[in-house]
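K.L.:
Have a look at this one before I ask anything.
The values are calculated or read from the model by the stated rules, or taken from the named source; none is laboratory data. Bear in mind the structure is a predicted one, so any value in this text is a computation, not a measurement. For neighbour counting, all protein chains shown are included, and Cβ atoms are generated from backbone atoms with ideal geometry for every residue, glycine included.
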């Protein structure tokens, strides 16, 4: 049976990113599959974030309660995260685009499932973590990781909090301080995903847990708001408090500069004492 397209939301092009679209289909009753395709690797540009929020709004306010599943229309990437350069040069990117997207998923009024069918790196993996459930492709294609350590970007509180809440301390340490790349088997063992398989696995998880019924009483989002209130408060920050990685990097540079001055003076004092 052919799967009918319910709607499509365009992702406008932005600088080097050609844009794309988010297509919503219904592979089973009340299961809304959002497939985002934005070459080359589904970067979370401001336009991508806004388009995905729009798709969530259309489902919540225009369709019966059910389950939202997100996946990629690209063969290699679920999402490769941010274009950090673009994020830095876009005023208000963190507080007006990225953080609202994560918050929308975290408090969404019906269950959400990320079907990770390719690489999910950094901000792309964070997107998956803000869903209620995660299924990793069983094809052997793809890794999930938080690789800020590799490219020298700190994790501000709104980005790191979801891992503190949803993972064990040992897994959190391995994710952040070792930048480990988790394949599907390792991700399942670490509790980062709930199952490994294909779209049929996603549909079975939804059926086994009766997820299509969970959003019908009107309190599902409220329950999650309380469950994740620490993360929500951090995602709601505005102005200077919404520090992205560059701001934290500036603070660290100042700290190191002060430390180097201190050490230079310390060495001079030690040398002076040795002459006494």
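K.L.:
Please go through segment 139-171 and pick out each residue that is surrounded by 16 or more Cβ atoms within 10 Å (Cβ to Cβ) and assigned to a loop (DSSP other than H, G, I, E, B).
P.N.:
Result: 142, 143, 146, 147, 153, 154, 155, 156, 167.
K.L.:
Do we have residue 136 as within 15 Å of the chain's Cα centre (by Cα) and not in a helix (DSSP H, G or I) here? Quick ask: steps written out before the conclusion?
P.N.:
On the way: within 15 Å of the chain's Cα centre (by Cα): yes; not in a helix (DSSP H, G or I): yes.
Spelling it out, residue 136 is indeed within 15 Å of the chain's Cα centre (by Cα) and not in a helix (DSSP H, G or I).
K.L.:
Being touching a helix residue (DSSP H, G or I) at 6+ places or on another chain (Cβ under 9 Å), more than 15 Å from residue 72 (Cβ to Cβ) and surrounded by 13 or more Cβ atoms within 10 Å (Cβ to Cβ) is the filter here; which residues of segment 20-41 pass it?
P.N.:
Selection gives 27, 28, 30, 31, 32.
K.L.:
Just checking: which of the strands (runs of 3 or more DSSP E) contained wholly in segment 1-101 hold 1 or more residues that are more than 17 Å from the chain's Cα centre (by Cα), at pLDDT 95 or above and assigned by TED's automatic domain parsing to the domain that holds residue 239? Give the derivation first.
P.N.:
Values: elements: 5-11, 20-28, 31-37, 67-72, 77-79.
Fully inside segment 1-101 and qualifying: 5-11, 20-28, 31-37, 67-72.
K.L.:
Taking segment 128-138, which residues are crowded, with 19+ Cβ neighbours inside 10 Å and either outside the structural domain of residue 224 (by TED's automatic domain parsing) or in contact with a strand residue (DSSP E or B) (Cβ under 6 Å, 6 or more places away or on another chain) (or both)?
P.N.:
The initial filter retains those residues of segment 128-138 that are crowded, with 19+ Cβ neighbours inside 10 Å, namely 128-137.
Answer for segment 128-138, where residues must be crowded, with 19+ Cβ neighbours inside 10 Å and either outside the structural domain of residue 224 (by TED's automatic domain parsing) or in contact with a strand residue (DSSP E or B) (Cβ under 6 Å, 6 or more places away or on another chain) (or both): 128, 131, 132, 133, 134, 135, 136.
K.L.:
Looking at this structure, is residue 65 surrounded by 15 or more Cβ atoms within 10 Å (Cβ to Cβ) and out of contact with any strand residue (DSSP E or B) (no Cβ under 8 Å at 6 or more places or on another chain)? Can you show your working first?
P.N.:
Working: surrounded by 15 or more Cβ atoms within 10 Å (Cβ to Cβ): yes; out of contact with any strand residue (DSSP E or B) (no Cβ under 8 Å at 6 or more places or on another chain): yes.
So residue 65 fits the description; yes.
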